[in-house]
1. Can you spot a residue in segment A:291-304 that is more than 22 Å from A:ALA226 (Cα to Cα), surrounded by 24 or more Cβ atoms within 10 Å (Cβ to Cβ) and of a type in the set (A, V, I, L, M, F, W, C)?
2. Do we have B:PHE91 as under 15 Å from the mean Cα position of the chain (by Cα), at pLDDT 95 or above and either surrounded by fewer than 24 Cβ atoms within 10 Å (Cβ to Cβ) or within 7 Å of another protein chain (Cβ to nearest Cβ) (or both) here?
3. Would you please name the residue that is nearest to ligand 2 (Cβ to nearest atom), looking only at residues in segment D:178-199 that are closer than 28 Å to D:PRO276 by Cα and in contact (Cβ under 8 Å) with a residue 60 or more places away in the chain?
4. From D:GLY73, D:GLY80, which residue is on the phi > 0 side of the Ramachandran plot, surrounded by 19 or more Cβ atoms within 10 Å (Cβ to Cβ) and within 16 Å of ligand 2 (Cβ to nearest atom)?
5. Of the residues that make up segment B:320-335, is at least one among the charged types (D, E, K, R), surrounded by 20 or more Cβ atoms within 10 Å (Cβ to Cβ), under 21 Å from A:CYS283 (Cβ atoms) and more than 11 Å from chain C (Cβ to nearest Cβ)?
6. Between a residue in segment B:57-69 that is within 7 Å of chain D (Cβ to nearest Cβ) and surrounded by fewer than 24 Cβ atoms within 10 Å (Cβ to Cβ) and any residue that is of a type outside the set (S, T, N, Q) and not in a helix (DSSP H, G or I), which pairs come within a Cβ distance under 8 Å, given they are 6 or more apart or on different chains?
7. So for segment D:200-210 (the condition being away from ligand 2 (no atom under 16 Å from the Cβ) and out of contact with any Cys (no Cβ under 9 Å at 6 or more places or on another chain)), does at least one residue qualify?
8. Restrict the check to segment D:322-337 and report whether at least one residue is modelled with pLDDT of 95 or more, more than 16 Å from ligand 1 (Cβ to nearest atom) and more than 28 Å from D:VAL121 (Cα to Cα).
Amino acid sequence: MTALTLGKAINEGLRRSLADDDTVVLMGEDIGTLGGVFRITDGLKAEFGAERVVDTPLSEAGILGTAVGLAYRGFRPVVEIQFDGFVYPGFDQIVAQVAKLHYRSRGNVKMPMVIRIPFGGGIGAAEHHSESPEAYFTHTAGLRVVACSNPADAYVMIRQAIASDDPVVFLEPKRRYHVKGEVDLDANLADARPMGVATVVASGRDVTLVTYGALVQTARDAATAAAEEGVSIEVVDLRSLAPVDYSTIEASVRRTGRLVVAHEAGEQGGVGAEIAASMTERCFEYLEAAPVRVTGHDIPYPPAKLEQHHLPDLDRILDGVDRAMGRPNSLSDMSGVEA
Amino acid sequence: MTALTLGKAINEGLRRSLADDDTVVLMGEDIGTLGGVFRITDGLKAEFGAERVVDTPLSEAGILGTAVGLAYRGFRPVVEIQFDGFVYPGFDQIVAQVAKLHYRSRGNVKMPMVIRIPFGGGIGAAEHHSESPEAYFTHTAGLRVVACSNPADAYVMIRQAIASDDPVVFLEPKRRYHVKGEVDLDANLADARPMGVATVVASGRDVTLVTYGALVQTARDAATAAAEEGVSIEVVDLRSLAPVDYSTIEASVRRTGRLVVAHEAGEQGGVGAEIAASMTERCFEYLEAAPVRVTGHDIPYPPAKLEQHHLPDLDRILDGVDRAMGRPNSLSDMSGVEA
Amino acid sequence: MTPSDREATGLLTRPGDLVQLLDPAGTRHANPDFDPWVADVDTDALADLHRDMVVVRRLDTEATALQRQGELGLWPPLAGQEAAQIGSARALDDEDFVFSSYREHAVAWLRGVQPVELLSVWRGTASSGWNPYEKRMAVPQIIIGAQSLHAVGWAMGAKWQGDEHVAISYFGDGATSEGDVNEAFVFASSFDAPVVFFCQNNGWAISEPVGLQSKQPLARRADGFGMPGIRVDGNDVLAVLAVTRWALDRARRGEGPAFIEAVTYRMGPHTTADDPKRYRTDDDLAAWRERDPIARLHALLAASGADMAAVDADAKAAADRAAADLRAAITNIPDPEPMSVFDHVYAEPNSHLERQRTRYARYLAMFDEEGAR
Amino acid sequence: MTPSDREATGLLTRPGDLVQLLDPAGTRHANPDFDPWVADVDTDALADLHRDMVVVRRLDTEATALQRQGELGLWPPLAGQEAAQIGSARALDDEDFVFSSYREHAVAWLRGVQPVELLSVWRGTASSGWNPYEKRMAVPQIIIGAQSLHAVGWAMGAKWQGDEHVAISYFGDGATSEGDVNEAFVFASSFDAPVVFFCQNNGWAISEPVGLQSKQPLARRADGFGMPGIRVDGNDVLAVLAVTRWALDRARRGEGPAFIEAVTYRMGPHTTADDPKRYRTDDDLAAWRERDPIARLHALLAASGADMAAVDADAKAAADRAAADLRAAITNIPDPEPMSVFDHVYAEPNSHLERQRTRYARYLAMFDEEGAR
Ligand SMILES: Cc1ncc(C[n+]2csc(CCOP(=O)(O)OP(=O)(O)O)c2C)c(N)n1
Ligand SMILES: Cc1ncc(C[n+]2csc(CCOP(=O)(O)OP(=O)(O)O)c2C)c(N)n1
Ligand SMILES: [Mg+2]
Ligand SMILES: [Mg+2]
């Protein structure tokens, strides 16, 4: 075991994948000489050369479109989108090409591509640098979407994503890049938990709290805080956003009868809507209360000094738990409110 | 009252808006001389000139980006995206610019833009010509999203969308373009039902069936068929997908206690997920069964000869109704099935 | 760029320059730059090119007829572009890789695509017709311009892997306005990718004349992206063959990308769903009928003393065979199995899709039980 | 294109051509094409340009310092690009409209943007600093290249409404690789839009040298899009002023768009979060220190017998004032009200957002009641 930051764990996972498989090639803006604005690819160009770790011209559609061409000839491109807010110029290549080519080619052409996106807020950044675009991808058939929350997972999941024959949108909780954790660098993918499986990171009896990425830590803190108030929260780290590991969540909700889903992305049409709807379909008769969503507001990401009023934090998650528990909360008697 | 097809009703609505307001300008590929591939802008270039009805170069980002510049100086651009599947190259301009500029400019710059998108399947078209991208837009704060389902609404809603100071994604059910209906061409916007308000198009006691666009007709037919089996379905034409008129749906569900949402778009993260989640939050104690979603599969749009196995039709909607009613249905004992 | 390219850039993008070896009347004109590239093309080879063009024109006519008869959902005719497609496709090595749009039926034909494979997509029975690796031709692209980036990526990989094959990307005049195509130029130039951009300027993007996309000859676009741009008479199969061979050869030799603008004309509708009368007159067509790609090659063959009876008989026989195969093919295209709608969404098992598949299978089964409602 | 453009295109994009009126040593060189455009610039005007550059350099230094002190979250320095920004901005009419990126602080300054308005975004207290209609300058753009299309749309509208004002779009060398920028060229040319594309080629896109984006002088990109492209010494404020006036004038006269590549250098980090040592050496900088935009104008002023004591005193006084205002401004930027997070999402009432707003207000109220958890 080695203590690594989440960012360094991804760096080691990329290094390992580059070493293990010649067809793996990293592409992106500033990922080579600079090692990426977050240094996630630090040292990799020096070690593997400019044709394995490729600084590209400044164009997201260009990066993703050329990655499709590389995948066409058997490469496994790992694309870095510098910040979440810069993925949209490449959206057509992702939705119309990357996601659909295996289907359109009737299985002849594989798209074993990984699209790495540092996502989410909490770093006091300028506009377009703190977005949570995951729901655009979970709604896109043909893609897999995963989010890591800790160094150990990050190291394994990035390698699993690269090894996958399906395109994977790999979401990295940028505000947790510097958080350290124990990583087993010799972890063997075969024994590792598949990236599609969720993890119960804290067990509890009263409420199931599902989240992913940066908020997993916040959720654990909420569980600790709630415990003091005598509320026992089971925290599930979703890990895979598409497909969702419903068996794990379902098993938990059947026990707790209460569900809270938290994410930074807006509420309307967010991942929480899908999980709330699916869990209601799957265990309606077990639910003691309506699933609760604790999310960012449905607003463009606000200026840095306001982000603490946009992002779910420990208190807002506890407010959601109160709601699930039927205790006084911010939504009490909202029924009166119009719309 | 005049009998017009839905397509012609939009054409008349555009003509009326062009005549009433000099700042209205239509932009798109083939919308001028040709009148659009669906002829929705037929005759408008001849009537208003090439600077009001503008054939643009072949570039969606270009159309949307220049429309933003026009809005900056007070124009009300009405952009036509030729087919649903071609909106993605312009996605960045929509999500990062059109949707956010009013917020980013702190209210100084309005984006009174309408983005017209013929959407949905059922016309036996080639790939990329039958998509239902609405959830990408309903998840995007700053946009309004509406879908018309009949000529009378189309004529009024397109004018309301153009008159709105917020950007509106205007979804047109292309497979219903040729369906006729009575339209009051002198309809006065002031008296008309606001585009944000849903319509109960068929009242019923047992189940609330919510849908929009092309499926509204299918839902009405389902209601008729169900009536024969003694099941009374209340059909709600959503009209506005963002924001959703929850008061109308809520009033209905409180009476019926059962909700079915239908759309052509995939299930995962679709509009149905949001409505199911929100209605569960709002009237959990009134629900007799979990809200049911009847949607397209989570697959890329299939080849034409398979679309009838992808799109919800009358029978699949009735299957959903059966599920909501607790009668045997395709999801019975799916609980056993993994995931 | 290498000096030779710089030269090329200077030479080949001189505005107005149009490479033509065979004029509309069928007269062969000497061209010191490009004659060497077709020095091997003897009368037999010319006859082959003639036959190819006659065959694909016939295929196109037949497919259009099949659409009119309701056998196909849609068809985008290539009529008028036979020389541009045959000339360029004949220049390719078997191992070169094609990234095309939806109109390159002649290119597909020369890549060995079979009638059933060619028609299934337009009949709506399959999302694509052939295995791209067998034909060395990608799934045709409907999203305008998107394939240009795929070609560049493929070519970047070819260079990195030291394979001497070249990617060729076909797209239209309208496509040059899409960001993707311009970004493809940027990447190709930056990485010296062995790729040839083959733009068929057929005068129209559906109803929009090329002048709306560019006031400049499109070939002139290339220079600013650091690659040679060359304008060729797209209805002169010999000139198209020559310039494409030139561009492929320099790419193969590591000199990077080149852009070819083949000036041709779309004689038919955009697709069978289009009505060109709404935006162009028959006079527009008349001028181009004079420049028919097949007629001029026919004239050259006659002038060069070929046995025209044999040439015509051979071409007609081949065209008849192809047409018959095409008609036969239609009857051999089965409708897809309902449950196949779920196939190939993912390469690996996917729990969510499995559940939907199971549910839909149960749904269909209900009908068998109770009989259709 | 009009003949004059074609000439221009031929003349102005000759590779290697770099318009320079003032060399690094401060020697004025005659230029028949562009001298007329700065004939009115007398010694006083030169002194004003000098003062402007000194002021904005000082503002930049102060802002960078404020970031280091934690008063700003981030700052993208303009150091080195004073001449490119001041020269071009001074060429604008008050009513012309600017669509810039995030680095054009000097342009904003000349548009009358106040210190608080300039800093609030970088402090993170507001999503934008000023009213675009008051300053005739749009909300600065972070999405690389997106603003180029906005400028073109604005200019199309100006043409349609017969208003004689011109839009100018600022972007960097890296931005020329984005699809949006190339599409902006297409639209501008197709609609003869009165827009000037002002590209500051400062050598770098964060860590990527301009050579990765293009092997060709960027100005050469213009010709293929049917507009003149001109390369100017971006550290020569006089030349920048001249070529920008020329481009604005022809746009005003209805001759359409033009592209200006101002060759300059980013002397500082990409932003205060960047560490240039990772990708460039001090030697790279040394060469450019020799070409400092302020020093050469200072030398010219001295040579032209200006009262340098006065020139320097005036510049210093103005810079001191600006710096003081800037520091004062920081203390005058209040943190935003929590509930303002919901303001301006929509221009019209929105039921969904209203509900979220109400809910959050209640949430905050809970704390007042029970006191923070
Ligand atoms: C991104 C995108 N936008 C719009 C369309 C609709 N469309 C299909 S073909 C076409 C015109 C293409 O013209 P061109 O590139 O010249 O090719 P051609 O059809 O002439 O061969 C358009 C606008 C599309 N398929 N993709
Ligand atoms: C669409 C998009 N992709 C990536 C980025 C990240 N990014 C910010 S600045 C920059 C480099 C821009 O270089 P250039 O255009 O030369 O402008 P400069 O910073 O040199 O003024 C990049 C890649 C972005 N802001 N937007
Ligand atoms: Mg064309
Ligand atoms: Mg730069």
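1. Narrowing segment A:291-304 to residues more than 22 Å from A:ALA226 (Cα to Cα): A:297-304.
Among the residues that remain, those that are also surrounded by 24 or more Cβ atoms within 10 Å (Cβ to Cβ) are: A:298, A:300-304.
If we keep only those that are of a type in the set (A, V, I, L, M, F, W, C) as well, we get A:304.
Yes, segment A:291-304 contains a residue that is more than 22 Å from A:ALA226 (Cα to Cα), surrounded by 24 or more Cβ atoms within 10 Å (Cβ to Cβ) and of a type in the set (A, V, I, L, M, F, W, C).
2. It is false that B:PHE91 is under 15 Å from the mean Cα position of the chain (by Cα), at pLDDT 95 or above and either surrounded by fewer than 24 Cβ atoms within 10 Å (Cβ to Cβ) or within 7 Å of another protein chain (Cβ to nearest Cβ) (or both).
3. Checked segment D:178-199; the qualifying residue nearest to ligand 2 (Cβ to nearest atom) is D:CYS199.
4. Of the residues listed, the single one that is on the phi > 0 side of the Ramachandran plot, surrounded by 19 or more Cβ atoms within 10 Å (Cβ to Cβ) and within 16 Å of ligand 2 (Cβ to nearest atom) is D:GLY80.
5. No, there is no match, as no residue in segment B:320-335 is among the charged types (D, E, K, R), surrounded by 20 or more Cβ atoms within 10 Å (Cβ to Cβ), under 21 Å from A:CYS283 (Cβ atoms) and more than 11 Å from chain C (Cβ to nearest Cβ).
6. Taking only residues 6 or more apart or on different chains, the pairs are B:PRO57/C:GLU208.
7. The initial filter retains those residues of segment D:200-210 that are away from ligand 2 (no atom under 16 Å from the Cβ), namely none.
The answer is no; no qualifying residue exists.
8. No, that holds for no residue.
The values are calculated or read from the model by the stated rules, or taken from the named source; none is laboratory data. Note that the structure is predicted; figures quoted are calculated from it, not measured. Positions of Cβ are backbone-derived with ideal geometry, glycine not excepted, and every protein chain shown enters the neighbour counts.
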